[in-house]
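To keep things clear, I will list the structure first and then write my remarks on it.
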Amino acid sequence: MLSILANRTYRHLFFAQVIALVGTGLATVALGLLAYDIAGADAGAVLGTALAIKMMAYVGIAPIAGAYADRLPRKSLLVAMDVVRGAVALLLPFVDAIWQIYLLIFVLQSASAVFTPTFQATIPDILPEEEDYTQALSLSRLAYDLESLLSPMLAAALLAIINFHWLFAGTSVGFIASAFLVMTTILPHRTAAAKKVQGVWEKTTRGMRIYIKTPRLRGMLAVTLAAAAGSAMVIVNTVVIVKEMGRTQGDVALALAAYGGGSMLAALALPKLLGKTNDRNLMIFGAGVLTLTLTGLGLVLPGIGDEALWFVLLSGWLFMGMAYSICVTPSGRLLKRSSNEADRPSLFAAQFALSHVCWLIAYPVAGQVGAQVGMASAFLLLAFLAGVGSILAIFVWPRSDPSEIKHAHPELPADDPHLIKHGSDTHAHQFVIDDLHTSWPGRL
């Protein structure tokens with residue numbers, strides 16, 4: 001997997017991603033402490049609202065960014081968004097009111113909603129070979145998992161010698177370092193001419209329309225719903241479950257490490273697994289494991305003692321981490337396979353927005369049901385949500401899902417950007433379905 005770092009451009013972008021992730025992890029810890037400093041016992045409500053604002057920014061801003069990203073130089077856009085995020089991080093230590101937290105979080109996450117899908121859509125152009133791109137996806141997943149493990153540990157070490165406000169400075173340094181690394185890359189120019197679409201609404205929703213009309217992507221979104229159900233339970237309720245057992249903050253970190261460790265193990269194994277089976281079967285399998293694990297934990301939670309529950313929880317979090325990684329890591333492959341170069345930014349932005357709708361559903365369920373009704377009910381309701389996603393994926397994602405399907409377009413000119421020459425074939429088209437392709441036999 002590490003051999004892919006021999007590509008200089010990808011290497012610089014990867015380390016830019018890693019540094020920015022570490023900065024984001026520090027900000028997450030510091031923001032929790034800032035919220036407690038301002039709101040006291042209401043800090044949880046403040047953080048919950050901030051998280052909802054983050055999701056709304058992702059859902060609302062990403063499609064617009066994807067629609068117009070092709071008009072701007074990618075390198076300049078990525079650098080500008082890193083600079084914006086770095087500047088916001090520097091302002092956070094001076095916050096003294098809750099509304100200021102909400103405003104700055106919205107600006108910060110709006111910049112991330114532009115940066116992330118643009119960054120993701122750039123990688124397939126740098127690594128056009130699917131095997132290389134698969135390794136890059138696994139390495140990226142590994143970076144996210146390492147961040148979830150290392151950032152809290154780094155923050156804890158720094159807090160022993162500095163005030164938490166200085167963590168925001170570390171966040172800002174991370175974003176600026178990321179911008180510098182992006183500046184040192186040479187990103188490929190787009191060669192495909194984007195289709196002319198009249199009107200702001202048509203252009204903004206183009207990625208969404210392609211996404212929703214593509215069967216494999218609808219199936220992937222259903223799997224993402226299952227992934228969101230599992231990860232929301234872990235992110236929102238781990239601290240509550242562990243604390244109610246009478247355990248320490250170190251045990252909270254250990255439980256989260258079990259989840260992150262499972263995700264890392266799956267990410268390391270995925271390149272070989274994807275060489276032996278297809279994305280559909282593997283991702284639906286991961287969604288099924290999440291459903292079964294959530295159900296099992298919900299059923300055993302009320303009937304066992306704390307000591308037994310601790311080992312059950314660690315095992316469950318390990319399996320859920322593995323299943324989560326299986327569900328989400330291959331997504332980039334499917335997006336690449338389902339788009340041409342001109343449509344790729346808007347399609348990645350659509351995935352970014354739609355996937356976060358799933359978390360916008362799952363987070364309140366995990367938090368409110370766990371607090372108001374009980375953890376067992378939260379487990380079972382999220383298991384139901386994951387099960388719905390798994391079943392939908394089975395039915396909407398075709399079993400026969402070739403990478404490319406050849407078909408004729410006699411009504412289109414030979415130089416239309418949606419047509420691709422393949423040897424002696426006049427027209428062959430990748431499995432991209434947009435407003436030109438509304439009658440896909442047996443699929444729609």
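The values are calculated or read from the model by the stated rules, or taken from the named source; none is laboratory data. What you see is a predicted model; the values in this text were computed from it and never measured. Here Cβ is always computed from backbone atoms with ideal geometry, including for glycine, and neighbour counts include all displayed protein chains.
Specify the residue that is nearest to GLU130 (Cα to Cα); the eligible residues are those in the stretch 350-405 that are without any contact (Cβ under 8 Å) to a residue 24 or more places away in the chain and buried (at least 17 other Cβ atoms within 10 Å of the Cβ).
LEU381
Return the residue satisfying two criteria in turn: it lies in the stretch 283-308 and is hydrophobic (A, V, I, L, M, F, W, C) and buried (at least 20 other Cβ atoms within 10 Å of the Cβ), and of such residues it is modelled with the lowest pLDDT.
Checked the stretch 283-308; the qualifying residue modelled with the lowest pLDDT is LEU301.
How many residues does the stretch 113-144 hold that are surrounded by 21 or more Cβ atoms within 10 Å (Cβ to Cβ) and free of Cβ contacts under 8 Å to residues at least 60 places away in the same chain?
Matching residues across the stretch 113-144 total 2.
Can you name every residue in the stretch 301-328 that is within 19 Å of LEU270 (Cβ to Cβ) and hydroxyl-bearing (Ser, Thr, Tyr)?
If the condition is that a residue be within 19 Å of LEU270 (Cβ to Cβ) and hydroxyl-bearing (Ser, Thr, Tyr), then TYR324, SER325 are the ones that fit.
Please go through (1) closer than 23 Å to VAL357 by Cα; (2) touching a residue at least 60 places away in the same chain (Cβ under 8 Å) for ALA87 and return the number of the only condition it doesn't satisfy.
Of (1) closer than 23 Å to VAL357 by Cα; (2) touching a residue at least 60 places away in the same chain (Cβ under 8 Å), only one is false for ALA87: (1).
Give the residue that is surrounded by the fewest Cβ atoms within 10 Å (Cβ to Cβ), with candidates limited to residues of the stretch 68-94 that are modelled with pLDDT under 85 and either of a type outside the set (A, V, I, L, M, F, W, C) or over 26 Å from TYR10 (Cβ atoms) (or both).
Within the stretch 68-94, the match that is surrounded by the fewest Cβ atoms within 10 Å (Cβ to Cβ) is ARG71.
Filter the stretch 332-371 for residues that are at pLDDT 80 or above, more than 15 Å from ALA227 (Cα to Cα) and polar (S, T, N, Q) and give the result.
SER338
Looking for whichever is in the same structural domain as CYS327 (by TED's automatic domain parsing) and buried (at least 17 other Cβ atoms within 10 Å of the Cβ) here; the options are THR248, THR277, THR238. Which one fits?
Testing whether each residue is in the same structural domain as CYS327 (by TED's automatic domain parsing) and buried (at least 17 other Cβ atoms within 10 Å of the Cβ) leaves just THR238.
I'm trying to understand the selection: among the residues of the stretch 145-169, which are assigned to a helix (DSSP H, G or I), at pLDDT 75 or above and surrounded by fewer than 17 Cβ atoms within 10 Å (Cβ to Cβ)?
Within the stretch 145-169, HIS165, TRP166 qualify.
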